[in-house]
1. Pick out which of 46, 76, 62 has the largest mean-square fluctuation in a Gaussian network model of the chain, springs linking Cα atoms closer than 10 Å.
2. For residue 3, what is the net charge nearby, where nearby means another residue's Cβ is under 10 Å from its Cβ and Lys, Arg count +1, Asp, Glu -1?
3. For the pair residue 44/residue 2, report the inter-label distance in nm, with labels modelled 7 Å from Cα in the Cβ direction.
4. Taking a quarter of the surface of the Cα convex hull of the chain, what do you get in nm²?
Amino acid sequence: MSWIFLIIAAILEVVWIAGLKMSKGFTILTPSVITIILIIITFYFFSKSVIRLPIGTAYAIFAGIGAVGSALLGFFMFGEIFNLLKLFFLSLLILGIIGLKMSVTNEEG
């Protein structure tokens, strides 16, 4: 269950990052309120995940999924520039996330 909580938290992080962009620095009310609520829900799920998972591994995976997800979000939703160098480094992040997931023993989560 801890891994499911972690994945939910990481996906929600990508969603509220989009909300940050759409709220234009918290100057637009509706996206700002939704973003704040999503941040709270995200950290609730993250806190549930670290009950059984090692904190360093959980946070690295959380941040890595958030970084990859927000980079892809920027490209597909906000028209940001995407090039081979970004693709290479995002691939490294994904490999690191997979490696961290594989390195956790059953006793840790």
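Bear in mind these aren't lab numbers, they're just calculated from the coordinates by the rules spelled out. Fair warning: this is a prediction, and the values are worked out from it, not measured in the lab. Glycine gets a Cβ as well: all are built from the backbone with ideal geometry, and neighbour counts include every protein chain shown.
1. Highest fluctuation of the listed residues: 76.
2. That sum, taken over residues with Cβ under 10 Å, equals +2.
3. Computed distance between label sites residue 44 and residue 2 equals 2.1 nm.
4. 7.1
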